[in-house]
Amino acid sequence: MIEKQPIGLAQELEALTGAPAAHRGPRCSVGALLEAADADVAASLRAVLDTTSVSATAIAETLSRYGDPVTAYTVNRHRRRGKPNGCRCE
């Protein structure tokens, strides 16, 4: 056990909790599409992503018909954003 704490350790540790999270890697294809789409398309996509009765496969196939290929895995991961095993998109 450490008997003597280094001066400033507590302040540095507290600063880490307030630091913004490092964004690793590029945005997922769903996040990139949301960012690039016009407001109507982005709103429709957000709504369908939040509708759990619509399968990720159906969403991925529809998105892929209108642009770059998107997989059901990517759609599901984006739906889990904010969770430990989810997308890093916000």
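Scan segment 42-90 for residues that are touching a residue at least 12 places away in the same chain (Cβ under 8 Å), in a helix (DSSP H, G or I) and of a type in the set (D, E, K, R) and jot them down.
ARG46, ARG77, ARG79, listed by residue number.
Please verify whether GLY31 is assigned to a helix (DSSP H, G or I), touching a helix residue (DSSP H, G or I) at 6+ places or on another chain (Cβ under 9 Å), surrounded by 12 or more Cβ atoms within 10 Å (Cβ to Cβ) and modelled with pLDDT under 95, treating the condition exactly as stated. Walk me through it before giving the result.
On the way: assigned to a helix (DSSP H, G or I): yes; touching a helix residue (DSSP H, G or I) at 6+ places or on another chain (Cβ under 9 Å): yes; surrounded by 12 or more Cβ atoms within 10 Å (Cβ to Cβ): yes; modelled with pLDDT under 95: yes.
Spelling it out, GLY31 is indeed assigned to a helix (DSSP H, G or I), touching a helix residue (DSSP H, G or I) at 6+ places or on another chain (Cβ under 9 Å), surrounded by 12 or more Cβ atoms within 10 Å (Cβ to Cβ) and modelled with pLDDT under 95.
The values are calculated or read from the model by the stated rules, or taken from the named source; none is laboratory data. Please read these numbers as outputs of a predicted model, since none were measured by experiment. So basically every Cβ, Gly included, is an ideal-geometry build from the backbone, and we count neighbours across all protein chains shown.
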